[in-house]
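A short worksheet on the structure shown next.
The values are calculated or read from the model by the stated rules, or taken from the named source; none is laboratory data. Source: prediction; values computed, not measured. Every residue, glycine as well, gets a Cβ built from its backbone with ideal geometry; the counts of neighbours run over all protein chains shown. The protein model used for the area step is the full one, side chains on, heavy atoms only, and it has no ligands, DNA or RNA in it. Shrake-Rupley method; radii C 1.70, N 1.55, O 1.52, S 1.80 Å.
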Amino acid sequence: MKKCILLLVSILLAGLLCFAAGAEEPTVYVSGFGNDEAAGTADAPVKTLYAAFRALPSGGTVYLNDTVQLTSSTELHASGGLITVTSAPGKTGAIYMGGNILLGSAVKFENVKIVTTAKDLVFICGGNYACFGEGLTVTAGNSNATLPGITAGGSGAVPADGVYLEICSGSWYRIRGGA
């Protein structure tokens, strides 16, 4: 009887491990032509980063199909895991910043174009892990714009154990470690 129970437990454990290994990371696609009520798939993308982050409460990947416009300051929702923002396979994704971007949790940007459309815009990391990874092209979009800055902290209390900033590419106006 013990052998049967042990065999049954072993089979169930192996099945769970196979399921976990085959589980794909959650993804959401974003397009400037999308709709925030859409499913967030490659064929039915959402329109805003705000909607994409809300759809990934435990982390995942946001794929940019094309240009995403941020016309004002935007707070990107907190997540229980890392959210990676990158260009969709075979596409060139871009974020046009018209306001500051406040990161509510751990975020990694890679292989995207970031263009500012105003002066003194900032990525506010709020004490969260932030990675500005490989393949970023960061530019000022017009003569009235400046390169963006990065502030690792925020405007309030920042947790002492969660601040980590990684910058691997891009051109930046100013990088600040505190609030």
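Reported count of residues in segment 144-155, each being open to solvent by 50 Å² or more (accessible area, probe 1.4 Å) and at pLDDT 95 or above, is 1. Take the residues in segment 118-141 that are modelled with pLDDT of 95 or more and polar (S, T, N, Q); name whichever of them is most open to solvent (accessible area, probe 1.4 Å). So, considering only residues that are modelled with pLDDT of 95 or more and polar (S, T, N, Q), the one most open to solvent (accessible area, probe 1.4 Å) is 137. Looking at segment 62-74 only, could you name the residues that are in contact with a Leu (Cβ under 9 Å, 6 or more places away or on another chain) and either open to solvent by less than 10 Å² (accessible area, probe 1.4 Å) or not hydrophobic (A, V, I, L, M, F, W, C) (or both)? Across segment 62-74, the qualifying residues are 62, 64, 68, 73, 74. Being under 17 Å from residue 26 (Cα atoms) and either touching a Pro at 6+ places or on another chain (Cβ under 8 Å) or among the hydrophobic types (A, V, I, L, M, F, W, C) (or both) is the requirement here; does residue 52 meet it? In short, yes. If we keep just the residues of segment 88-117 that are among the small types (Gly, Ala, Ser) and open to solvent by 20 Å² or more (accessible area, probe 1.4 Å), which is nearest to residue 165 (Cα to Cα)? The extreme case among them is 106.
Listed residues 70, 56, 103, 82; which is out of contact with any helix residue (DSSP H, G or I) (no Cβ under 6 Å at 6 or more places or on another chain) and in contact (Cβ under 8 Å) with a residue 40 or more places away in the chain?
Result of the check over 70, 56, 103, 82: 82.
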